[in-house]
1. Could you please find all residues in the range 216-227 being more than 9 Å from the ligand (Cβ to nearest atom) and under 17 Å from the mean Cα position of the chain (by Cα)?
2. Testing residue 427 on (1) assigned to a strand (DSSP E or B); (2) under 29 Å from residue 147 (Cβ atoms), one condition comes back false. Which one is that?
3. Determine whether the range 385-407 contains at least one residue that is away from the ligand (no atom under 16 Å from the Cβ), open to solvent by 30 Å² or more (accessible area, probe 1.4 Å), touching a Pro at 6+ places or on another chain (Cβ under 7 Å) and at pLDDT 95 or above.
4. Could you check residue 200 against (1) within 15 Å of the ligand (Cβ to nearest atom); (2) charged (D, E, K, R); (3) at pLDDT below 95 and say which number it fails?
5. What pairs come out if I take residues in the range 202-213 that are in the same structural domain as residue 234 (by TED's automatic domain parsing) and pair them with residues that are open to solvent by 60 Å² or more (accessible area, probe 1.4 Å) and not in a loop (DSSP other than H, G, I, E, B) whose C-beta lies under 8 Å away, six or more apart or interchain?
6. Can you run down the residue pairs with Cβ atoms below 9 Å, 6 or more apart or on separate chains, where the first is in the range 247-258 and in contact (Cβ under 8 Å) with a residue 60 or more places away in the chain and the partner is surrounded by 24 or more Cβ atoms within 10 Å (Cβ to Cβ) and among the basic types (Lys, Arg)?
7. Report, ordered by the first and then the second residue, all pairs with beta carbons closer than 8 Å, sequence separation of six or more or different chains, a first member in the range 146-160 that is under 17 Å from residue 332 (Cβ atoms) and part of a helix (DSSP H, G or I), and a second member that is more than 7 Å from the ligand (Cβ to nearest atom) and of a type in the set (D, E, K, R).
8. Looking only at the range 341-370, count every residue that is basic (Lys, Arg) and under 18 Å from residue 286 (Cα atoms) and tell me the total.
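The values are calculated or read from the model by the stated rules, or taken from the named source; none is laboratory data. None of these values were measured; they are calculated from a predicted model. So basically every Cβ, Gly included, is an ideal-geometry build from the backbone, and we count neighbours across all protein chains shown. The accessibility values were calculated without ligands, DNA or RNA, using every heavy atom of the protein model including side chains. Shrake-Rupley method; radii C 1.70, N 1.55, O 1.52, S 1.80 Å.
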Amino acid sequence: AGDGDADLVDTRLLEHRADHPLGDLRRASAPRPRSAHRTRAHHRALAVAGAPGLGHVAPVRGRRAGGRCDRFSAGRAGHDFGRVRRSAHPRGEHHGRAGRAFPDGRPSTHRLRHAAGPARSRIGAHRLAGGPRSRLTTRIAIVGFGNVGRAFAGLLLQKREALRREHGVDAVVTAILTRHHGWARDDGGLDLEALISSPELPLRDSRPLIAVLAADVLVEVSTLEVRTGQPALDHLRDALRSGMHVISANQGPIAHAYRELEALATERSRALRFEAALAALPVFTLARYALPGAKVLRLRGVVDSAANYVLSEAARGVSLARALTAARRLGIAASDTSHDLDGWGAAATAAILSNVLLGSDLRVEDVRRTPITSVVAKQAAAAARRGKRVRQLLTITPDGATVGPATLSSDDPLFAVEGSSMALELETDVAGRLVLAVHEPRVEQTAFALLADLVNVARGGTTNIRSR
Ligand SMILES: NC(=O)c1ccc[n+]([C@@H]2O[C@H](COP(=O)([O-])OP(=O)(O)OC[C@H]3O[C@@H](n4cnc5c(N)ncnc54)[C@H](OP(=O)(O)O)[C@@H]3O)[C@@H](O)[C@H]2O)c1
């Protein structure tokens, strides 16, 4: 499937893991994270139109960040990775580079078996000897350590044992970079618990280049810049060029350069995953695994949590300004109003969905946007009195995409999407109309989407939907 390394690893993994059902991420008894926000249980629902509620997954619960802690990682003594070195680096960045395997394509079996050090390396992961089940150590660099980055780190701690036991994946974070709050690096594995509970990362001097990090996977969770996708786009380019798989919650790079990144990932036999870019709607996994051979013809959706929350409040008579303030207090609205109310965020989502699922070449600025104004808020209140709902509706067809307020009646599958919930309707040629919904997603669900991508990448998942 386009990832030669993955083929090799998959075969080995399955030898050891033939007894385990794929994708069964059950709740682990591992230590709870010290980060992430306290939240109610949230249900992730995968529902077929006409039969909502099918396929509920166990609720996920998070915790509020703990207090400040001054302890920083001293590294994990004795942690050892198998290493495969490149004879020449295209950009001459040998210094500081540690053991990323096979950056330039499919490795030979000889290279796999006779890598420097103990013969454990693979596609960005390393087999460790001993124990009842062979493991893959996957080294992760995280760019951005805000809400999502910290929630992801917390989830890694929470699920560490389950990932090892159920998926044979030993996830180790070796670097974390931020813009103004320092950075951290330990090639043997950072002490995440200490870092999560500290607002600042320990190192303050100039940040290392992504290409020199000792990581197999880059997790991009830096600030969204919706109009250009930068600098996250360059982070992804650098990571792929230097042999890392990439997993992004950041919509920017995917919305602006999906085709380029996909081509780069394919050329380098790396994985490009971005399920978390749609917060908690696992639409690409659905398309990849549940819709082989089917064609997505059209999409409709309510994909901006903040916009939907504001319109839901407006329907109850709350003013636009007050509803927006409340959305900000909940942490679901961007600081820039245009992101949610003017539809820029939904436009980025439209570009991603259209380019990935419909194979189009849609630019963010091509999406026709109609803003949510105080007039629209009053219309929402009036519609509610008639038993209808105004929603910021995203519509994608092969001819283009629109984002703007639309009045829905109660028989519309998207009518039920209330508050900060999100939903997407896919119309297909042979699989009917499917509705994917998530009830009031929080940052923990975005973190989970990153984790699911990580497990799939570590287990040999491949690039996204198209081009295979
Ligand atoms: N929040 C959600 O539920 C959600 C859902 C889906 C997708 N996302 C996406 O996930 C990403 C992160 O969201 P968030 O809520 O965690 O944002 P956030 O809390 O604002 O955190 C952003 C982090 O990125 C860092 N950063 C910014 N520019 C950087 C750069 N050039 N290099 C390295 N680090 C940089 C920031 O560092 P400083 O603090 O030092 O500036 C901060 O640590 C965004 O792209 C967002 O759109 C979020």
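1. Result: 216, 217, 218, 219.
2. Of everything listed in (1) assigned to a strand (DSSP E or B); (2) under 29 Å from residue 147 (Cβ atoms), residue 427 misses just condition (2).
3. No.
4. (3)
5. 203/185; 208/185; 211/241; 213/185
6. Qualifying pairs under 9 Å: 247/273.
7. Matching pairs, first to second residue: 151/444.
8. So the answer is 0.
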